[in-house]
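See structure below.
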Amino acid sequence: MAPRVAIVGAGFGGLCMAIQLERAGIRSYTVFEKAGDLGGTWRDNSYPGAGCDIPSHLYSYSFEKYASWSRRYPEQPEILGYLEHCADKYHVRGKIRFSTEVRRAVFDGTHWQVTTDGGTEAFDVLVMGVGQLNRPHMPEIPGTADFEGVSFHSARWNHGHDLTGRRVAVIGNGSSAAQLIPRVAERAEHLHVFQRTPNWVIPKPDAMFGPLTRLAFHYVPGLQRAYREWIYRYAERTLYPALSQGWSVGLLKQRALRHLRDQVPDPGLRAKLTPDYPPGCKRVVIDSAFYPALTGPNVSLVTDRIVRVTSKGVETTEGTYEVDTIVYATGFKSTEFLAPMEVVGREGQSLAERWAGGAEAYLGISVPAFPNLFMLYGPNTNLGHNSIVFMIECQVSHVLACLPYLDRSGPIEVRPEVMAAWRRQLDAAMDRMVWGAGCQSWYKTASGRVTNNWPGPTTLYRRLTSRPPQPAYRAVTGG
Ligand code: N01
């Protein structure tokens, strides 16, 4: 009998799982989505300028060729439109229970008891597709509640608040900030950008696709696939070695420094924007409009330490900046995987308890003593150089490969010794990566453990996830 599958989240991960179940003829699944629409991060991040800095021919499902991309790096509405297109084409929209947040999931010995505000239901399999960047991080700056103007997080953009003629503060300078700052600068009377740590920035070689190119992508056999493959290989062969401190480290640094020199003529400003840690330690920002925006007459870069937010603006160690709008582009609670859901395994332990020292999972997918639980874009599967959608597809294939096994044997779980060996391999591989090199980032916990990133080539990840589930998994006998 087909297993009953609960999928949590209707973003890139959850939709991919649902589509592949449909394609495999398994229709006994339900997608739980806490919001009123699908799209996950591409629904939530609607700030002006939001887009993907990985080309969409790669940042899309390999099985869903899409000739409608208007440009190499489309903005958020197009990416959301693509996900809606996929949900409709593969008939999964009707299986999504919108505005239904999963609060708790408990393994009762044979099933997952999944609790939402509407009640509790039993499922054979639980697939978590909530991603790593779904809960905004609000900074612990004193006084934020005292501010009398309008403030919001970049992932909760206040579209009703017109920024024309406003004095705006943007706190943060990561990928989200870099995309929204040029758009805010176009409207604001003055924009103060509060930078705590400079980022390495490389250009985004964007280009529009004209009608002929789009026709060619649509009709020329193999063209779209070849283009996708080319982008993938470039990322894998050039960018990955930079992160693993291989041959292209110097190249990446030179490229970023040249970009800074070309776009920022003022040496004082350039000095403030030059990082003192190796490129890739924090996520490299890929953007061509960020630096020019910072050189505009109505924009100032503030690097003093923020002391507090007051009723009128932002106070730093050097003075107070009066503003009427504050945008918190301060990232996400990235290391708290699956929170605030309570997930309890067969030994009565919750994942939060198990992960007190940092989240970990075999292949980023499975956890011992949590049978038939699978994660998409789970611990140690984020990338700093290639498309997450590639990783998600590997994970979904792995889950699909597990289904016949659990159908035969009952609930299955990854063996503890396999998990322990995985941990050791991961730690060894992590040692050569740049993420440990003297910087703080959303890739790691406060204690410095990298819980978010995959330390190998993605080709290796594909190979590992496509291995048959046995012998890494075992059947849970005796309920
Ligand atoms: O978040 P971030 P993001 N006081 O965590 C600062 C993906 N993404 O939303 O660096 C002052 O990178 C913090 O400062 P510091 C992408 O993977 C993808 O920008 O910690 N500042 C930093 O500057 C990306 O990496 C796309 O010193 C404070 C910023 O806030 C990830 O999302 C587009 C502070 C947070 O930066 C997250 O990006 C956009 C404080 N108390 C995003 N607390 C694509 O194109 C935090 N900060 C695919």
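The values are calculated or read from the model by the stated rules, or taken from the named source; none is laboratory data. All values reported here derive from a predicted model rather than from experimental measurement. Positions of Cβ are backbone-derived with ideal geometry, glycine not excepted, and every protein chain shown enters the neighbour counts. When the accessible area is computed, the model is the full protein with side chains, heavy atoms only, and any ligands, DNA or RNA have been set aside. Shrake-Rupley method; radii C 1.70, N 1.55, O 1.52, S 1.80 Å.
What are the pairs, 6+ residues apart or on separate chains, where a residue within the stretch 1-23 that is assigned by TED's automatic domain parsing to the domain that holds GLU64 has its Cβ under 7 Å from a residue that is charged (D, E, K, R) and surrounded by 24 or more Cβ atoms within 10 Å (Cβ to Cβ)?
If the second residue must be charged (D, E, K, R) and surrounded by 24 or more Cβ atoms within 10 Å (Cβ to Cβ), the pairs left are GLY9/GLU33; ALA10/GLU33.
Among the numbered criteria (1) β-branched (Val, Ile, Thr); (2) away from the ligand (no atom under 13 Å from the Cβ); (3) farther than 25 Å from TYR291 by Cα; (4) open to solvent by 40 Å² or more (accessible area, probe 1.4 Å), which single criterion is violated by THR144?
(2)
Could you please give the count of residues in the stretch 308-363 that are more than 16 Å from the ligand (Cβ to nearest atom), among the charged types (D, E, K, R) and more than 17 Å from the chain's Cα centre (by Cα)?
8
Any chance you could count how many residues in the stretch 240-251 are open to solvent by less than 40 Å² (accessible area, probe 1.4 Å) and either in contact (Cβ under 8 Å) with a residue 60 or more places away in the chain or more than 23 Å from the chain's Cα centre (by Cα) (or both)?
Of the residues in that region, 7 qualify.
Consider only pairs whose beta carbons are under 6 Å apart and that are at least six residues apart or on different chains; among these, list those whose first residue lies in the stretch 328-345 and is over 27 Å from VAL170 (Cα atoms) and touching a residue at least 12 places away in the same chain (Cβ under 8 Å) and whose second residue is polar (S, T, N, Q) and in a strand (DSSP E or B).
GLU342/SER350; VAL344/SER350
Which residues, counting only those in the stretch 369-404, are open to solvent by less than 10 Å² (accessible area, probe 1.4 Å) and among the aromatic types (Phe, Trp, Tyr)?
If the condition is that a residue be open to solvent by less than 10 Å² (accessible area, probe 1.4 Å) and among the aromatic types (Phe, Trp, Tyr), then PHE370, PHE374 are the ones that fit.
So GLY250 ticks every box in (1) assigned by TED's automatic domain parsing to the domain that holds LEU301; (2) within 16 Å of the ligand (Cβ to nearest atom) but one. Which box is left unticked?
(2)
Could you count how many residues in the stretch 274-285 are within 12 Å of the ligand (Cβ to nearest atom) and crowded, with 21+ Cβ neighbours inside 10 Å?
Counting residues in the stretch 274-285 that are within 12 Å of the ligand (Cβ to nearest atom) and crowded, with 21+ Cβ neighbours inside 10 Å gives 6.
For the stretch 78-87, indicate whether the set of residues that are open to solvent by 30 Å² or more (accessible area, probe 1.4 Å), more than 10 Å from the ligand (Cβ to nearest atom) and in contact with a strand residue (DSSP E or B) (Cβ under 9 Å, 6 or more places away or on another chain) is non-empty.
yes
Can you tell me which residues in the stretch 434-466 are more than 19 Å from SER334 (Cα to Cα) and either in contact with a Leu (Cβ under 9 Å, 6 or more places away or on another chain) or open to solvent by less than 10 Å² (accessible area, probe 1.4 Å) (or both)?
Once the filter is applied, which keeps residues that are more than 19 Å from SER334 (Cα to Cα) and either in contact with a Leu (Cβ under 9 Å, 6 or more places away or on another chain) or open to solvent by less than 10 Å² (accessible area, probe 1.4 Å) (or both), the stretch 434-466 yields GLY456, THR458, TYR461, LEU464, THR465.
Collect the residues in the stretch 186-198 that are away from the ligand (no atom under 11 Å from the Cβ), surrounded by fewer than 24 Cβ atoms within 10 Å (Cβ to Cβ) and in contact (Cβ under 8 Å) with a residue 40 or more places away in the chain, keeping them in residue-number order.
Selection gives GLU189, HIS190, HIS192.
Which of the residues spanning the stretch 40-75 are hydrophobic (A, V, I, L, M, F, W, C), more than 13 Å from the ligand (Cβ to nearest atom) and open to solvent by less than 10 Å² (accessible area, probe 1.4 Å)? If you could, list the steps in order and put the result at the bottom.
First, pick out the residues of the stretch 40-75 that are hydrophobic (A, V, I, L, M, F, W, C): 42, 50, 52, 54, 58, 63, 67, 69.
Retained after the next criterion (residues that are more than 13 Å from the ligand (Cβ to nearest atom)): 63, 67, 69.
Matches in the stretch 40-75: TRP69 only.
Residues of the stretch 467-479 being open to solvent by less than 60 Å² (accessible area, probe 1.4 Å), assigned to a loop (DSSP other than H, G, I, E, B) and either touching a Phe, Trp or Tyr at 6+ places or on another chain (Cβ under 8 Å) or more than 26 Å from LEU403 (Cβ to Cβ) (or both), which ones? Break it down stepwise before answering.
Keep residues of the stretch 467-479 that are open to solvent by less than 60 Å² (accessible area, probe 1.4 Å), which gives 469, 472-473, 475-476, 479.
This time we only want the ones that are assigned to a loop (DSSP other than H, G, I, E, B), so: 469, 472, 476, 479.
Scanning the stretch 467-479 gives PRO469, ALA472.
Within the stretch 359-368, does at least one residue satisfy the condition of being at pLDDT 95 or above, surrounded by fewer than 23 Cβ atoms within 10 Å (Cβ to Cβ), in the same structural domain as GLY129 (by TED's automatic domain parsing) and of a type in the set (A, V, I, L, M, F, W, C)?
The answer is no; no qualifying residue exists.
If you check ALA178 against the conditions, is it more than 13 Å from the ligand (Cβ to nearest atom), assigned by TED's automatic domain parsing to the domain that holds THR317, in contact (Cβ under 8 Å) with a residue 24 or more places away in the chain and surrounded by 18 or more Cβ atoms within 10 Å (Cβ to Cβ)?
Spelling it out, it is not the case that ALA178 is more than 13 Å from the ligand (Cβ to nearest atom), assigned by TED's automatic domain parsing to the domain that holds THR317, in contact (Cβ under 8 Å) with a residue 24 or more places away in the chain and surrounded by 18 or more Cβ atoms within 10 Å (Cβ to Cβ).
This table checks each residue for (1) aromatic (Phe, Trp, Tyr); (2) over 20 Å from GLU336 (Cα atoms); (3) away from the ligand (no atom under 16 Å from the Cβ).
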position: PRO416; (1), (2), (3): no, yes, yes
position: ARG424; (1), (2), (3): no, yes, yes
position: ARG432; (1), (2), (3): no, yes, yes
position: GLY438; (1), (2), (3): no, yes, no
position: THR445; (1), (2), (3): no, no, no
position: GLY456; (1), (2), (3): no, yes, yes
position: TYR461; (1), (2), (3): yes, yes, yes
position: PRO469; (1), (2), (3): no, yes, yes
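Checking the conditions here, which among VAL102, VAL92, VAL130 is aliphatic (A, V, I, L, M), open to solvent by 20 Å² or more (accessible area, probe 1.4 Å), touching a Phe, Trp or Tyr at 6+ places or on another chain (Cβ under 9 Å) and closer than 27 Å to ALA401 by Cα?
Just a single option satisfies the conditions, and that option is VAL130.
Might you let me know whether the stretch 208-227 holds any residue that is closer than 18 Å to VAL327 by Cβ, open to solvent by 20 Å² or more (accessible area, probe 1.4 Å) and of a type in the set (Gly, Ala, Ser)?
No, there is no match, as no residue in the stretch 208-227 is closer than 18 Å to VAL327 by Cβ, open to solvent by 20 Å² or more (accessible area, probe 1.4 Å) and of a type in the set (Gly, Ala, Ser).
If you check PHE290 against the conditions, is it in contact with a helix residue (DSSP H, G or I) (Cβ under 6 Å, 6 or more places away or on another chain), at pLDDT 95 or above and not β-branched (Val, Ile, Thr)?
When the stated conditions are applied, PHE290 passes them.
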